[in-house]
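The values are calculated or read from the model by the stated rules, or taken from the named source; none is laboratory data. Keep in mind that what you see is a predicted model, and the values were worked out from it rather than measured. Neighbour counts run over all protein chains shown; Cβ positions are idealised from the backbone, glycine included. Surface accessibility is based on the protein's heavy atoms, side chains included, excluding ligands, DNA and RNA. Shrake-Rupley method; radii C 1.70, N 1.55, O 1.52, S 1.80 Å.
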Amino acid sequence: MVPSKLLWKRTLSQSGRIAALLFLVGSIPLFPSTAAQAPPLRAAAPKAQQALAKPKLVVLLVVDQMRGDYVDKFLGQWTGGLKRLVEEGAWFRDAAFPYAATETCVGHATISTGAFPSTHGMVANAWWDRKDQKMVTCTSDPDPSVKNIGYAGATPNGADTAWRMAVPSFAEELKFQTSGGTRIVSFSLKARAAITMAGHKADAATWFDGGAWVTSSVYGTQPFIEEQAKSHPAKADFGKTWSLSLPENAYWYGEKALGAVPPDGWDLTFPHSLRGKSGVAAPDSAFYEQWASSPYADTALTELAEKAVDALKLGNSNGTDFLAISYSSVDYVGHEFGPRSREIQDILVRLDKDLGNLFAHLDQKVGRGNYVVALTADHGVVPIPEDMQKTGADAGLLHLPEVQERIEKAFESFNYAKPAVARIAGSDIYFAPGVYEKLAADSNAMNAVLDAIRAAPGVAAVYRAEELRDRPATQSPTRRAFSYSYFPGRSGDLFILPKSYWLLDGTPLGKPRSYGTGHGVPYNYDQHVPVLLMGFGIQPGQYFQPITPADIAPTFAALCGITLASRDGHILAESLKKSEPRRSPPQAIKTTKP
Ligand SMILES: [Zn+2]
């Protein structure tokens, strides 16, 4: 680690007058009060502008399960970072994932790579591995030389890496294509978020598992994370209480969310106390579930990110650094309490404050205008079915074990080995080895199976794999969405499209549902997410053209002057400042869409 004074001294002595000008602009942290009132960077000397032709730091923020309409609904209650993103940034109001598999791993990989799942191959959080005949998670790595490493003496299980992600992340490309020593740092409560945002290699990719902060041997550890982990930020929150932060009449929805399933130890109403199962004296597994479902986890991630900025001097190297945070708690709260809950509204009020603190920290340490931020989500969520039914709308549970029984029954009239279905994972139906090849050539049996699935309550349509391969031209938005999700070998054989507002539910027969609601289908409530850009090179305003979160990485790439392999995403040219000086060539960025 280089102390800050030394780093600045070296910069001054090595690079002469332009660096000295850069030093003056870059040294805003020394004068924070001046920084707050400082004129925009374009008013600085031209030579300094030339040296600042690329952002010093790219910041990617993903709020797990944040629906696009949360911004419209709750903006008036925000005073911190979320408000600043809307007021000082570019707000894309019609951003939506174009594919069917609206899940966490898929969304993060799409945001990170600028590619769709049919290109990057992360088709779900977990899928059926046909070779090994078992479920695999998107980050599980069978390489025996790889293992997860715990901070502060923790001994986590498993091995998680990005080896299944078929294209590099934006951050990896940035490090590879520039010579400036880019540092890549990511944090989340979830491995599938931290890993996909960072990529195959990184300086730090850290997640939370069973009460411990964890990384993988492919990334290695960082002393500042060890130090932070030893202070046990989660344990330190044991005994705290999550209470409403606004006056009661500021909340849109009733005291109890209909159909909600809170974590163990909590009931349906505020306040929620973080004390694990009742009566325990120390953190137990219920406590960690409560903590992950509370605003305190968002604050812990924010503090880790701020520590990373300080310890690694992110944004103060010769290149462009990359910092990513995926805030997981909105997702846990949404699964438990649903989108129409005081819990969702309140946790966003708290996150707004955390993000305000994060941006203030970045202003001080990197300099306002020297970094670019994107905030988005990996997917949305459907209202809790029991809650939606109150409107009189057709809503319900599409019970997947029942679909599986119907399929096996349909096979009884034909000569097939039992069981024919290997697994149903979300929308994807995987057959036992050899079954689908035989079925595809046996139209009577195929029709019987398709009819059996279509007859299940809540099913809108069934697609066959051969209808989705190679992104066929189609007028059907849902078939197109499934084709953008389709990756040969990993995706299923048949695909269930539920009716809108019908939740795919895999709860085993006879068991109670362990969650309130979910996501993962090609309807706007799962696909529509916020996309907000702010800072270096970004033209503030509201933008209404339809875009996808896969456009974020190409936009970052344009600002940093690098090229991504995939052309699934597009540069959000409308939101880029046209007058921003470029290094070489002077007009490197096209400002119109191809
Ligand atoms: Zn998610």
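For this structure, a couple of remarks:
- Under conditions of 20 °C and 1.002 mPa s, the range 275-378 yields 139 µm² s⁻¹ as its translational diffusion coefficient, taking Rh as the Kirkwood radius over Cα pairs in the Stokes-Einstein equation.
- In degrees, nearest ten, helix 295-312 long axis to first principal axis of the chain (Cα): 40 degrees
- Residues VAL146 and HIS570, FRET efficiency given R0 of 25 Å [Cβ-Cβ distance, rounded to 0.05]: 0.10
- Ellipticity estimate at 222 nm from DSSP helix runs (n ≥ 4, -39,500 (n - 2.57)) divided over the chain, nearest 500: -9500 deg cm²/dmol
- Theoretical gain in end-to-end length, ASP470 to VAL280 [0.36 nm per residue, Cα-Cα removed]: 62.9 nm
- Working from label points 7 Å from Cα in the Cα-to-Cβ sense, the GLU87 to ASN415 distance is 7.5 nm.
- Positive end of the dipole of the chain (Cβ unit charges, origin at the Cα centre): among THR137, PRO522, VAL71, the Cα lying farthest that way belongs to VAL71.
- Carbon-plus-sulfur accessible fraction, the range 99-210 (probe radius 1.4 Å, protein heavy atoms only): 53%.
- Under-5 Å amide H pairs with TRP213, H placed in peptide plane, nonlocal only: TYR151
- Per the chain, cysteines lacking a partner by the 4.7 Å Cβ criterion: CYS560
- Computed with every protein chain present, the accessible area of THR391 is close to 100 Å² [probe 1.4 Å].
- Two-decimal log10 I(q)/I(0) for the range 152-241, as the Debye equation yields it once each C-alpha is a single scatterer, q = 0.11, 0.25 Å⁻¹: -0.34, -1.28
- Amide hydrogen neighbours beyond the local backbone of LEU503, cut-off 5 Å, H modeled: GLY396, LEU397, LEU398
- Amide H contacts of LYS190 (H built 1.01 Å from N, under 5 Å, at least 5 apart or other chain): PHE208
- Gained length - ALA432 relative to GLU255, 0.36 nm times residue gap less alpha-carbon distance: 59.0 nm
- For the range 457-528, the per residue solvent-accessible surface stands at 43 Å², with DNA, RNA and ligands left out and a 1.4 Å probe.
- The orientation-averaged shadow of the Cα convex hull for the chain, equal to a quarter of the hull surface, comes to 27.8 nm².
- Förster radius 30 Å - calculated FRET efficiency between TYR515 and LYS577 (Cβ-Cβ, nearest 0.05): 0.10
- Derived scalar couplings between HN and Hα for the range 239-247 equal x, 6, 10, 8, 10, 4, 9, 10, x Hz in order, rounded to whole Hz, by the Karplus curve 6.51 cos²θ - 1.76 cosθ + 1.60 (θ = phi - 60°), x for Gly and Pro.
- For the range 217-295, pairs of C-alpha atoms spaced more than 21 angstrom apart make up 43 percent of the total.
- Calculated diffusion of the range 363-519, Stokes-Einstein form, Kirkwood radius summed over Cα pairs, 37 °C and 0.692 mPa s, µm²/s: 185 µm²/s
- Eigenvalues of the alpha-carbon gyration tensor of the range 341-411, scaled by 5 and square-rooted, set the equivalent ellipsoid semi-axes at 45, 18, 9 angstrom, largest first.
- Rounded percent of accessible protein surface that carbon and sulfur make up, the range 410-529, 1.4 Å probe: 49 percent
- Approximate spin-label separation THR391-GLU227, in nm, with each point projected 7 Å along Cα-to-Cβ: 5.0 nm
- Per DSSP, loop trypsin sites (Lys or Arg not before Pro) in the range 85-172 with at most 12 further Cβ within 10 Å: LYS131
- All alpha carbon pair distances within the range 499-557 were sorted into 10 Å bins beginning at 0; the resulting P(r) in whole percents reads 16, 35, 22, 18, 8, 1.
- In the chain the longest region clear of GluC sites (Glu not before Pro) that are loop-assigned by DSSP and have at most 14 other C-beta atoms within 10 Å covers 1-254.
- Karplus-based coupling profile of the range 399-410, in residue order and whole Hz: 8, 5, x, 5, 4, 4, 4, 5, 5, 4, 5, 4, with θ = phi - 60° in 6.51 cos²θ - 1.76 cosθ + 1.60 and x standing for Gly or Pro.
- The trypsin sites (Lys or Arg not before Pro) found in the range 397-481 include none that occupy coil by DSSP while having at most 12 further C-beta atoms within 10 Å.
- Ignoring the sites themselves, the chain has its longest run without chymotrypsin sites (Phe, Trp or Tyr not before Pro) in a DSSP loop having at most 13 other Cβ atoms within 10 Å at 253-543.
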